[in-house]
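A.B. asks: Below is the structure I would like to discuss, written out as structure tokens.
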Amino acid sequence: MVAPGSPAVAALDLREGASLNRVRGAWLLLLTPSLTVGCASVRPTIADVAVPPAQETLLQSTERYQKEYVLLADDQIEVVVQRSPEVSRSVLIRPDGYISLPLLGDVKAAGLAPRELAAKLTELFSKRMIDPEVAVIATRVRPATVYVSGEVGAPAALPLRDAPTVMQAVALTGGFRKSGAVGEVVIIRLAPDGHLRAIRIPSVSGGQPGRYMSMRLMRLEPDDLVFVPESNRAQFARIIDDMINKPLTGLNSLASPLINYRLIQVLDSQLK
């Protein structure tokens, strides 16, 4: 039995009061249409929610390609030789790119696709066994990767989990250089039909902020290449520098003593 006025009763009264207040508030919302309308008016509508921009293909390769995983150091692979478990192994590709197998010793694995390595091992085992059947299974591979190139701080390959959008990928490589054409960023992607496509990122709204918003919304896929081209202004400045400024540097260094001397002559004549 809890005595009236005790701290426990006071706490209970507070909890009951809070629950009653919540009930009263719910009834007020139900009984007052104007309040519910007012609350709904501040919620974003479908038109206010940004949607990913449409993908516009600028260029498409005439040839078709197919993705194939290439083994590298630190990949874990399973080498299975049918009917010969004594030579089957789960191996880690060493930093030098080799694996070690019974009967064969060291075999170069890095730089080959699993099917290519399987064919190579089949040929090598054939010298020691009768009709070997070899399968290579990649059991632990590198995470999905995207690539950023062009006019960014430090072009690099990035894990897709760290750079799921174009803007995040560019930010992780140091951002845009002053010479980068922010409005002309493209994604080089291998389409499901096997063609390489250069995809433009259209702006969701006008002005420079719209371009950044679009890049923030555009999601990347494994093996995408984000390319930031050089702006027209930067190209013009580079051409001027390569064709005019640099060739004249040597001439200016030779002519500067003569120019300085002539200038001194002129000044002396004016002083007299």
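A.B. asks: Just one of (1) surrounded by 14 or more Cβ atoms within 10 Å (Cβ to Cβ); (2) β-branched (Val, Ile, Thr); (3) without any contact (Cβ under 8 Å) to a residue 60 or more places away in the chain trips up Val166, so point out which.
C.D. replies: Exception for Val166: condition (3).
A.B. asks: Give me a count of the residues in the range 192-226 that are among the small types (Gly, Ala, Ser) and in contact with a Phe, Trp or Tyr (Cβ under 7 Å, 6 or more places away or on another chain).
C.D. replies: Residues meeting the conditions: 1.
A.B. asks: When you look at Val148, is it of a type in the set (Val, Ile, Thr) and farther than 26 Å from Lys67 by Cα, yes or no?
C.D. replies: Here the answer is no, as Val148 does not meet what is asked.
A.B. asks: Select, from Gly206, Gly194, the only residue that is modelled with pLDDT of 60 or more and either basic (Lys, Arg) or surrounded by 10 or more Cβ atoms within 10 Å (Cβ to Cβ) (or both).
C.D. replies: Gly194
A.B. asks: Provide a single number: the residues in the range 63-91 that are surrounded by 11 or more Cβ atoms within 10 Å (Cβ to Cβ) and among the acidic types (Asp, Glu).
C.D. replies: Residues flagged as surrounded by 11 or more Cβ atoms within 10 Å (Cβ to Cβ) and among the acidic types (Asp, Glu) within the range 63-91 amount to 3.
A.B. asks: Could you please give the count of residues in the range 149-163 that are surrounded by fewer than 16 Cβ atoms within 10 Å (Cβ to Cβ), of a type outside the set (A, V, I, L, M) and in contact (Cβ under 8 Å) with a residue 12 or more places away in the chain?
C.D. replies: Total satisfying the criteria: 5.
A.B. asks: Now, a different point. In the range 109-148, what residues are free of Cβ contacts under 8 Å to residues at least 60 places away in the same chain and loosely packed, with under 15 Cβ neighbours inside 10 Å?
C.D. replies: Answer for the range 109-148, where residues must be free of Cβ contacts under 8 Å to residues at least 60 places away in the same chain and loosely packed, with under 15 Cβ neighbours inside 10 Å: Gly111, Ala113, Arg115, Ala119, Glu123, Ser126, Lys127, Arg128, Ile130, Asp131, Glu133, Pro143.
A.B. asks: Moving on to the next point. Out of Val81, Val70, Val87, I need the residue that is modelled with pLDDT of 90 or more, of a type in the set (A, V, I, L, M) and closer than 30 Å to Val185 by Cα. Which one?
C.D. replies: Going through Val81, Val70, Val87 in turn, just one is modelled with pLDDT of 90 or more, of a type in the set (A, V, I, L, M) and closer than 30 Å to Val185 by Cα: Val70.
A.B. asks: Regarding Ala157, is this residue in contact with a strand residue (DSSP E or B) (Cβ under 6 Å, 6 or more places away or on another chain), among the small types (Gly, Ala, Ser) and closer than 30 Å to Ser231 by Cα?
C.D. replies: For Ala157, the condition - in contact with a strand residue (DSSP E or B) (Cβ under 6 Å, 6 or more places away or on another chain), among the small types (Gly, Ala, Ser) and closer than 30 Å to Ser231 by Cα - is met.
A.B. asks: So, Val226, is that one aliphatic (A, V, I, L, M), outside any helix (DSSP H, G or I), surrounded by 11 or more Cβ atoms within 10 Å (Cβ to Cβ) and modelled with pLDDT under 75 or not?
C.D. replies: No, not satisfied.
The values are calculated or read from the model by the stated rules, or taken from the named source; none is laboratory data. On a predicted model such as this, the values are computed, not experimentally measured, just so you know. Positions of Cβ are backbone-derived with ideal geometry, glycine not excepted, and every protein chain shown enters the neighbour counts.
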